[in-house]
Amino acid sequence: MFRSRFRFLTAALVPVTLVLAACGGGSTDTGAGGTPSSPAAPGSTGRSSDAVATAEASGVGTVVVNGDGFTLYYLKTDAHSEVTCTGDCAQTWPPDLVTAVPDAAGLSGQLGTIANPAGGMQLTYEGWPLYTYTGDSAPGQANGEGIGGVWFAMTPKGPVGGDNSSGGKYGN
């Protein structure tokens, strides 16, 4: 009887332990709330852009989008040119990773890259690291706009969300 309980307990705890191990480890979670409608794929380290453009996002207006048409966001607390959304935060807000600076249709600002702490090069616009949001399930959505008062859709003019007190040159 003891053996069957031990096997059951082991079978139940091993998957939980593996999940916790995958989510753990010294991450900085600056996700500031918001529950995604569809979680990031297991092991996902970000989405990749082969091109960047502008598009209309429902309820927000003109935003910067990746090659798949998904809205790109910036984190107001990233302190301009520093990635602070890592670990659990990056599961909800995957970094937009690139292998080279993509073409930019309709943008007057500067695209660039910054090293992402989890690996790879993260796309930046006017120095701000860019992310997608797992709560956006289709192009044209900006469900992450304003979450926690720190997540905002990037506009062609640069970051304009909130009071922009983090030092960007663009503000309201």
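Each reported figure results from applying straightforward, stated rules to the coordinates on display, with no laboratory input. The model shown is predicted, which means the values in this text are computed figures rather than measured ones. Backbone-built Cβ (ideal geometry, glycine too); neighbour counts: all protein chains shown.
So between ASP103 and ALA55, what do we pick up on full extension, going 0.36 nm a residue minus the alpha carbon distance?
Separation in residues times 0.36 nm, less the Cα-Cα distance, equals 15.8 nm.
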Given a Förster distance of 22 Å, the FRET efficiency implied by the Cβ-Cβ spacing of THR77 and GLN110, rounded to the nearest 0.05, works out to 0.55
For region 70-128, the Debye formula with one identical point scatterer on each Cα and no solvent gives log10 I(q)/I(0) at q = 0.14 Å⁻¹ as -0.36
In whole µm²/s, the translational diffusion coefficient that Stokes-Einstein assigns to region 47-153, given a Kirkwood hydrodynamic radius over C-alpha pairs, 10 °C and 1.306 mPa s, equals 119 µm²/s
